[in-house]
Structure formats: structure tokens, C-alpha cells
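Novice: Following this message is one structure expressed as C-alpha cells.
The values are calculated or read from the model by the stated rules, or taken from the named source; none is laboratory data. The shown structure was predicted, so the numbers you read here are calculated from the model rather than taken from an experiment. Ideal geometry is used to build each Cβ from the backbone, glycine not excepted, and the neighbour counts take in all protein chains shown. For the accessible areas, the whole protein counts, side chains as well, though only heavy atoms, and no ligand, DNA or RNA atoms are used. Shrake-Rupley method; radii C 1.70, N 1.55, O 1.52, S 1.80 Å.
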Amino acid sequence: MNRDDAQGALQDIDSSRRRLADTVAQGYPPVRHAAFAAIMAGLVACGSVPLPWNLLMEAFLLLSMFMIYRWDLRRNGMFINGWRQGSTRRLTWICLVVTLALYLLGAWEMQVYHRPWAGLLGAVPAFIMAYGTSALWMRVYLRELRAGTPVA
């Protein structure tokens, strides 16, 4: 392979990445971020819901995650893993830690002080945080994709 062939191959790769970034950007409308945020808010609310309702709620949330996975496959032909390497992993950790903290706070309020509304109230900031994190995650991912950063 000569220098021109190699440069042409690299340009083709860059072009493919840009096309992929454009496809991904179109496949994640605000309602997709809202669906993810609703699941995270639902997980926080589960801590305040008594048995067996919280188990049914968790089963519904698992099914909802699967439906988002299927939606991504159908709409984009792929699902982008949130645990991928790169700058997005920090955002994933932030979302996980905040969601877990809100869940534990709501469950603690329910168990110790019998305040079921606390976990339900915690679902509101969980939704806002998860929506913002999801939207920011996608912007960071697209920036990395367009810049040619490995997207493993």
C-alpha cells in the first residue's frame, strides 16, 4: 500500500465516523433521554414502595430497559453501551452514584421514619439528573466519534 492509498483509507474511516455520528445523533431524540430518565427515577422510587409492589415495579423497569435496547436496535441498528471506555464513563458513574444515593436515602426514610413520600420525592431530582446526564453523555460520545477517538 502506498502513501496515497493509506491516506485515502484514513479519509474513508473519518467519513464513516462522521456518517455514523450523524445517524446516532438523529436516533436519540429528547424522548429517548426521557425514557432513560424515567427508568432511573423509577429505580429511586422503588425504595419507597412496599413489597410486593416494588418487585413488580422493578420487573417493569427491567422490561423497560429491554424495550429501550430494542428501540435503539430498531431505530439505529445498534445499541451503544453506557459502560464504554472514554470520557463518557465518568458520566455513567456519576449517574449511577447519584441514583444509588437517592435510592438509599428514600429507602432509609421509608424504613426508619416510615416516610414513603421521600423516595417518591427523590425520583424528581433523579429524573432531572438522569435526563441531563443522558443528553450530555450523547454529546460527549458524538464529539469523541467525530474527533476520531476510539469508540470501543
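Novice: What number of residues in segment 111-141 are of a type in the set (Ser, Thr, Tyr), within 18 Å of Ile39 (Cα to Cα) and open to solvent by less than 60 Å² (accessible area, probe 1.4 Å)?
Specialist: Going through segment 111-141 one residue at a time, the tally reaches 2.
Novice: Kindly evaluate Trp93 against the criterion of being free of Cβ contacts under 8 Å to residues at least 12 places away in the same chain, out of contact with any Asp or Glu (no Cβ under 6 Å at 6 or more places or on another chain), in a loop (DSSP other than H, G, I, E, B) and within 30 Å of Ser16 (Cβ to Cβ).
Specialist: No; evaluated as a whole, the condition is false for this residue.
Novice: Could you list, in sequence order, all residues of segment 76-90 that are in a helix (DSSP H, G or I) and surrounded by 12 or more Cβ atoms within 10 Å (Cβ to Cβ)?
Specialist: Asn76, Thr88, Arg89
Novice: Pick from Arg32, Arg17: which is in contact with a Ser or Thr (Cβ under 9 Å, 6 or more places away or on another chain), of a type in the set (Lys, Arg) and surrounded by 11 or more Cβ atoms within 10 Å (Cβ to Cβ)?
Specialist: Arg32
Novice: Specify which of the listed residues (Leu63, Leu73) is of a type outside the set (Lys, Arg) and either open to solvent by 90 Å² or more (accessible area, probe 1.4 Å) or not in a helix (DSSP H, G or I) (or both).
Specialist: Result: Leu63 is the single residue among Leu63, Leu73 that is of a type outside the set (Lys, Arg) and either open to solvent by 90 Å² or more (accessible area, probe 1.4 Å) or not in a helix (DSSP H, G or I) (or both).
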